[in-house]
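A quick write-up on the structure given underneath.
Readers should treat all values here as calculations from the given coordinates under stated rules, not as data from a laboratory. Not measured: the values here are computed from a predicted model. No Cβ is skipped: glycine too gets one built from the backbone with ideal geometry, and neighbour counts run over all protein chains shown.
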Amino acid sequence: MTNVALVALACGLIIGLGAIGACIGIGIMGGKYIEAAARQPELMNTLQTKMFLLAGLIDAAFLIGVGIAMMFAFANPFAAA
C-alpha cells in the first residue's frame, strides 16, 4: 500500500469512528435527559440548556476530526512532492 492509500484509510477511520462516537454520546445523553426530566420536571429547562450545550460540544469535537481528516485528504503532508 502506498502512503496515499494509507492516508485515505486513516481519513475514513477518523470520520467513521468520530461519527459513531458522537452518535452514541448524543444518544446516551438524550436518554439520560429524558430520564432526568421524568424524575424532576421542574428542572427540565435547566437540563435542556445543559443538554444542548453538551450536544454542541460533542458535535464540535466530531467536526474538528472531520477538519483534520479533510486536511490530510486534500493537503496531504505525507504525499511525495
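Annotations for the structure displayed:
- A straight chain from L47 to N3 at 0.36 nm per residue would run longer than the Cα-Cα distance by 11.2 nm.
- Rounded to whole Å, sorted largest first: equivalent-ellipsoid semi-axes of the chain, Cα gyration tensor: 39, 11, 4
- Here the spin labels are modelled as points 7 Å beyond Cα on the Cα-Cβ line, and at I26 and F74 they lie 2.3 nm apart.
- Computed Kirkwood radius, in angstrom, where 1/r is averaged over Cα pairs of the stretch 24-71: 11.8 Å
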